[in-house]
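The values are calculated or read from the model by the stated rules, or taken from the named source; none is laboratory data. No experiment lies behind these values; they were computed from the predicted model shown. Counting neighbours? That spans all protein chains shown, and the Cβs are built from the backbone with ideal geometry, glycine included.
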Amino acid sequence: MPVAPATWASLAAVLLYAVLPIDGGHPVFITMVFGGFLLAVWAAHRSLTPTSHDPKFVVSDEFIGMWAALLWIPKEWAFLVAAFLLFRLFDITKPFYIRRFERLPGGLGVVADDVMAGVLTNLVLQLFARVLT
C-alpha cells in the first residue's frame, strides 16, 4: 500500500485475527506471535540499508505488534476496534519510553518499538477487560 502502509498492515492483522478459529490465549496463537516476532526481526534486518533505518515497505513489525496487542484479549468486536485504535495511537506517538526501543540494533530496533506499542495496548485493554467483566 503506497498510503499508510503501517495502518493497513495493522488492520490486516486485526481482521486476520478476527477470522482465526482460535483466540488470543490459545497456545497456537501465542506461538504464532512469538514465532512471528523472530521472523519479523529477521525480515526487518534484511531490509535495512545504510540510508534507511526503518523502511516503510516493511510492515511485519506493525503486524506482529498488533498481534501482541491481541494476546489474551477477549475476542469481541469492541475490543478488536479498541486494540486497533490504541495500537495505532501508541505506535504513532510512541508514549513513555517506546521510542527508545528503536535504538536497539538491526531488525530488533525496527520491530521492538511496535511490539512495545502492542504491549502497552494490551495492558490498557487488560485493565478494561477486568473492569468490564
Kindly indicate whether ALA78 is of a type in the set (A, V, I, L, M) and in contact (Cβ under 8 Å) with a residue 40 or more places away in the chain.
-> no
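Based on this model, can you work out whether GLY109 counts as in contact (Cβ under 8 Å) with a residue 24 or more places away in the chain and surrounded by fewer than 22 Cβ atoms within 10 Å (Cβ to Cβ)? Write out each step before concluding.
Values: in contact (Cβ under 8 Å) with a residue 24 or more places away in the chain: yes; surrounded by fewer than 22 Cβ atoms within 10 Å (Cβ to Cβ): yes.
For GLY109, the condition - in contact (Cβ under 8 Å) with a residue 24 or more places away in the chain and surrounded by fewer than 22 Cβ atoms within 10 Å (Cβ to Cβ) - is met.
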Unmet criterion (only one of (1) modelled with pLDDT under 95; (2) surrounded by fewer than 17 Cβ atoms within 10 Å (Cβ to Cβ); (3) closer than 19 Å to GLU102 by Cα) for ALA44 = (2)
Quick check: anything in segment 119-127 touching a residue at least 12 places away in the same chain (Cβ under 8 Å), out of contact with any Gly (no Cβ under 7 Å at 6 or more places or on another chain), surrounded by 18 or more Cβ atoms within 10 Å (Cβ to Cβ) and farther than 22 Å from ALA18 by Cβ?
-> no
Conditions (1) in contact (Cβ under 8 Å) with a residue 24 or more places away in the chain; (2) within 13 Å of the chain's Cα centre (by Cα) -> ILE98 fails only (1)
Go through (1) among the charged types (D, E, K, R); (2) out of contact with any helix residue (DSSP H, G or I) (no Cβ under 8 Å at 6 or more places or on another chain); (3) under 14 Å from PHE63 (Cβ atoms) one by one and return the number of the condition ARG130 breaks.
-> (3)
Does VAL59 satisfy being of a type in the set (A, V, I, L, M) and at pLDDT 90 or above?
-> no
Listing of helices (runs of 4 or more DSSP H) fully contained in segment 28-133 that carry 2 or more residues being under 22 Å from LEU15 (Cα atoms), in contact with a Pro (Cβ under 8 Å, 6 or more places away or on another chain) and among the aliphatic types (A, V, I, L, M) | 106-132
